[in-house]
Amino acid sequence: MKEYKEEDFLMLSGIQHYAFCARQWALIHIEQQWEENYFTVMGNIMHENAHDKDFTEKRKSVVITRGMPVFSRTMGVRGDCDVVEFYQSEGGILLSNYPGTYQPIPVEYKRGKPKDHDADALQLCAQAMCLEEMLVTDIPKGFLYYGEIRRRIEVLFDEELRKKVRDSFEKMHQMFARNHTPKGKVTKSCKACSLVEQCLPKLSKKSSAIAYLQRNLEEEE
Ligand code: SF4
């Protein structure tokens, strides 16, 4: 099985950008452009709250750890888990300082509400696949917590989702190695895109990206 060198690792969280728009991922991770907008600022604040680094506590029989660094040599990625909950379970893994064996379950915090695309599920599944590789265990599910609805949604890590994670990282590595930013296609996603001003003038060769976006979306509808 192919293994990536650490210097070639990509940011795990980039998979949510890639799933949203491959061009957005390339602009951020290859061309290093980043425009803070409302969505990303709010997202970062929620992440800072969830990422109380090195924090581990035990509530009843569940050990909870925040900001746990994870990586995968086979996928060539590194990142952090917002929260990993370890449930006492027979046949689980050993934890130092805690008696018994435990089943790890990743939990990712999101600002908004569940979306009609699978970017969040892909990110969570990628975290679980890293944990599986690091801890030599199986993780069948995780949870996405959405701030707007204030509850968690269960995500099952089936083979289809896992394949999409592996395929996405493989394509991201290929694009990164070729230093290739794909051409953009104006979609409804562009309305909530943090890079609309950097991206669309390049697409449209016109000064007002917002006007261009508005016109194209109206034509599309
Ligand atoms: S503006 Fe649209 S095409 Fe450009 S990066 Fe954002 S989502 Fe992708």
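In this structure, the pairs whose alpha-carbon distance is over 32 Å, taken from Lys5/Lys188; Lys2/Lys191; Lys171/Lys191; Lys163/Lys188; Lys58/Lys141; Lys58/Lys188, are Lys5/Lys188; Lys2/Lys191; Lys58/Lys188. Counting charges near Asp8 (Lys, Arg +1; Asp, Glu -1) among other residues having Cβ under 13 Å from its Cβ returns a value of 0.
Tell me, what does the Kirkwood hydrodynamic radius of segment 55-152 come to in angstroms if you use every pair of distinct C-alpha atoms? Every distinct Cα pair counted, the radius reaches 14.0 Å. Taking R0 as 41 Å, what FRET efficiency do you get between Glu154 and Asn179 from their Cβ-Cβ distance, rounded to the nearest 0.05? Step by step, r from the Cβ atoms, then E = 0.60. The mean sequence separation of alpha-carbon pairs under 8 Å and at least six residues apart, normalised by the residue count of segment 61-197, gives a relative contact order of 18 percent.
In this structure, the amide hydrogen of Leu10, modeled 1.01 Å from its nitrogen in the peptide plane, lies closer than 5 angstrom to those of Val77, Arg78, counting only residues at least 5 positions away or on a different chain. Rounded to the nearest Hz, the phi-derived 3J(HN,Hα) couplings of segment 74-84 under the Karplus curve 6.51 cos²θ - 1.76 cosθ + 1.60 (θ = phi - 60°) are 6, 9, x, 9, 9, x, 10, 9, 3, 9, 10, where x marks glycine and proline. Charged neighbours of Arg78, selected by a Cβ distance under 14 Å, balance to -4 (K, R count +1; D, E count -1).
Just so you know, all these numbers are worked out from the coordinates, no wet-lab data involved. Note that the structure is a prediction, hence the values are computed from the model and not measured. Using ideal geometry, Cβ is built from the backbone for each residue, glycine included, and neighbour counts are taken over all protein chains shown.
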